[in-house]
Amino acid sequence: MGRIRLFIVLALSLALVACATGPTTYRPLADGVGYSQQQIDGSTWRVQFIGNDSTPRDRVEDYLLYRAAEVMRFGGHDRFILLEKIVEPETTYWGSGYTGPAFGLGVGSHHSFGSVAYGPSYYAPHTRFLGSALIRVYSPGQGGGPVFSAQALIEQIGPRIAWPQPGSSG
């Protein structure tokens with residue numbers, strides 16, 4: 001009976017922790033979530049945003065475009081071309097169940113040692129979205145994709161940004 005009670009307490013604790021984790025805030029990449037960028041050449045960057053499993057796809061897309069706009073503004077540019085944008089789901093499965101030691105006596109000289117599973121085995125899918133964009137500084141007459149104003153994107157998306165609270169990890 002004690003093991004069942006322990007299992008229930010652990011399962012409820014994990015459920016509470018999972019519920020307490022909200023969507024990813026807008027922040028640099030840390031602990032597998034947040035934004036990053038890499039300069040490819042003098043006018044081209046790869047920008048990424050990775051959300052946790054509580055961050056909806058549309059928020060990942062917004063944060064990806066917002067970071068692209070910031071990269072352009074930091075470089076002194078306002079207009080840029082979106083050469084490529086990909087937002088893909090990544091699903092992992094988290095399981096539960098308790099595995100404990102087991103042993104047994106067999107017929108003759110056969111003895112067995114190993115483990116046995118107690119309680120239900122349950123695997124829940126957890127999906128997060130990974131966004132990636134390839135952006136280039138806009139030059140008049142240049143084609144290749146939609147053209148965006150960095151300032152307009154910052155003004156449009158900025159009010160919807162969830163910023164980390166001071167002193168939190170995001």
Where does the charge balance sit around GLN37 when Lys and Arg score +1, Asp and Glu -1, over other residues with C-beta under 11 Å from its C-beta?
+1
Give me the percent of the accessible area of region 17-61 that comes from carbon and sulfur atoms, probe 1.4 Å, all protein chains in place.
50
In terms of modelled amide H atoms, which long-range or inter-chain residues lie less than 5 Å from the amide H of SER54?
THR24
Would you please give the residues with an amide H less than 5 Å from that of LEU83, counting only those at least 5 places away or on a separate chain, with H modeled from the backbone geometry?
LEU134, ILE135, ARG136
Between beta-carbons, use under 13 Å as the cut-off and find the net charge around ALA68, counting Lys and Arg +1, Asp and Glu -1.
+1
Once you list every other residue whose beta carbon is under 15 Å from the beta carbon of GLY143, what net charge do they have if Lys and Arg are +1 and Asp and Glu are -1?
+1
Quick one: if the Förster radius is 30 Å, what FRET efficiency do LEU83 and GLN165 give, using the C-beta to C-beta distance and rounding to 0.05?
0.30
For TRP163, the accessible surface traced by a 1.4 Å probe with all protein chains present amounts, in square angstrom to the nearest 10, to 120
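The values are calculated or read from the model by the stated rules, or taken from the named source; none is laboratory data. Remember, it's a predicted structure, so these values are computed and weren't measured experimentally. Ideal geometry is used to build each Cβ from the backbone, glycine not excepted, and the neighbour counts take in all protein chains shown. Just the protein is used for accessible areas: all its heavy atoms, side chains included, with ligands, DNA and RNA removed. Shrake-Rupley method; radii C 1.70, N 1.55, O 1.52, S 1.80 Å.
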